[in-house]
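Worksheet for the structure shown next.
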Amino acid sequence: MDVIGAGFPRTGTTSMKAALERLGFGPCNHMFDLLSNPAQLDRWLTEPLDPGKALEGYRSAQDWPASHFWRELALASPEAKVVLTVRDPRRWYASMQMLLTSGPLHMREQDLPEEAAALATAMRKLVPLLDGIGQSYFGEGWHFTDGMPDEGVAVAAFQRHVATVQESLPAHRLLVFDVRDGWEPLCRFLGVSVPVGEPFPHLNDSEALRRTFEHLMAGGNLSAPPGSET
């Protein structure tokens, strides 16, 4: 691995996937890869789970489940850089709440169009793994299908995670990054040139995610990460 994501979902991870692949650090693993590729999904369902093996063939990773294992991945790849994506915690909370409480996962597969049903099936396979990940931050008893815990609990978990990552890695290996800051800090950290004349990709915002769910429910397909058309 060359670049390891350590940020929570809904902190610009889809934008980071696009940016890293544009900068030559691809392919970049993201939750989208698991939902759109059954073979990739199966890598994360093995017992015991080995995140390094699950990420074979990838030069970088963003989003859960990969970013939850940032510590193990950083130890296994001591030369890799770590990018901790962040955003305003309360805006993050609202975005996560929308993600977890809407969409095909909350409907029966037989009531869904083909592509939406396939997405729901893939997500259900991942739920036990995601439950375990979420419980490590939000406490025992939390379940992915229940939506987010109380805002105060979730925001405290977000802030605690940011502090833990910052305390665990030396400054030369870690970039705390808000995607609104664009190419310059990311490229400087990775030691590459800023793409000339190209805006930083800003993908998968809440509105784009809502449109993606509507597109799936209308019988469309999930051929790219949500929001990548914007």
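Computed quantities for the displayed model
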quantity: Loop sites in region 110-204: trypsin sites (Lys or Arg not before Pro), DSSP, at most 15 other Cβ within 10 Å; calculated: none
quantity: Accessible heavy-atom area order of Val192, Val162, Val83, highest first, probe of 1.4 Å; calculated: Val192, Val162, Val83
quantity: Accessible area, probe 1.4 Å, largest first, for residues Glu184, Glu151; calculated: Glu184, Glu151
quantity: Candidate residues His30, His68, His172: accessible-area rank, largest first, probe 1.4 Å; calculated: His172, His68, His30
quantity: Convex hull volume of region 1-93 per residue (C-alpha atoms, cubic angstrom); calculated: 97
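The values are calculated or read from the model by the stated rules, or taken from the named source; none is laboratory data. Source: prediction; values computed, not measured. So basically every Cβ, Gly included, is an ideal-geometry build from the backbone, and we count neighbours across all protein chains shown. What goes into the accessible areas is simple: the full protein's heavy atoms, side chains included, and nothing from ligands, DNA or RNA. Shrake-Rupley method; radii C 1.70, N 1.55, O 1.52, S 1.80 Å.
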